[in-house]
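Every number in this text was worked out from the coordinates using simple rules, so none of it is lab data. Everything numeric here is computed off the predicted structure, so don't read it as measured data. FYI the Cβ positions are ideal-geometry reconstructions off the backbone, even for glycines, and counts take in every protein chain you see.
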Amino acid sequence: MDIAASFLALAKVLDEKGAGFEKIREISLFIATDYVQPKTWLGARMKRWPVKFIRTRLGAMLTQYLKKKVAKAAHPDGFAADLITDKAATFGLGYGVDITECGICKLFEKHHYKKYSSILCEVDHITTSLAGLEMVRTGTIANGAKICDFRYKLKP
């Protein structure tokens, strides 16, 4: 949530200076892309490690444990999610997420900047790509959907 708060502050400052949505989006995505880019070869390897781990027996056990923990938001301003483990529903990966309550949307709405929350949804595609995955999404809460669905395909 710290990153989301930083982007909220950025959006507020730029909005007050008269920057339009597209300029705020452009600057935000430039910063986010630079922030998530691995700085070393080891960092790049580490971004791909969770995808390999999640496909192990231990990873599957951890996913089942987390599935129970994330179903309800731990804080009223936080996130709630359903972890999807059905391989048929997850392009064979056995891991997907449906965000049912978005802490980022709640934060931006609380500060009357909801129209900018969808920018951070775009960062998910960047981070997913760095992990060696392609994200398949049909909607986000920030754009009016009931859930943010995260499904992933392994990149060839």
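Considering only Thr56, Asn143, His75, whose Cα is most displaced toward the positive end of the charge dipole of the chain, charges sitting on Cβ of Lys, Arg (+1) and Asp, Glu (-1)?
Thr56
Calculate one ³J(HN,Hα) per residue across region 11-17 by plugging θ = phi - 60° into the Karplus curve 6.51 cos²θ - 1.76 cosθ + 1.60, and present them in order as whole Hz with x for glycine and proline.
Ordered by residue, 3J(HN,Hα) equals 4, 4, 4, 5, 5, 5, 7 Hz.
Over region 2-154, what is the relative contact order in percent, taking alpha-carbon pairs closer than 8 angstrom and at least six residues apart?
Taking the mean separation of contacting Cα pairs over the length of region 2-154, I get 22 percent.
Would you mind working out the magnitude of the charge dipole of the chain relative to its Cα centre, with +1 at each Lys and Arg C-beta and -1 at each Asp and Glu C-beta, to the nearest 20 Debye?
The calculated dipole for the chain is roughly 660 debye.
FRET efficiency for Asp15 and Lys72, Cβ-Cβ distance as r, R0 = 30 Å, nearest 0.05?
0.35
Determine ³J(HN,Hα), in whole Hz, for all residues of region 56-69 in sequence, where each value follows from phi through the Karplus function 6.51 cos²θ - 1.76 cosθ + 1.60 and θ = phi - 60°; x replaces Gly and Pro.
The phi angles translate into 8, 4, 5, x, 5, 5, 4, 4, 5, 5, 5, 3, 6, 6 Hz.
Rounded to the nearest 500, what is the 222 nm mean residue ellipticity of the chain from helices alone, with -39500 (n - 2.57) per DSSP H run of 4+ residues and division by all residues?
Helix contribution divided over all residues of the chain: -16500 deg cm²/dmol.
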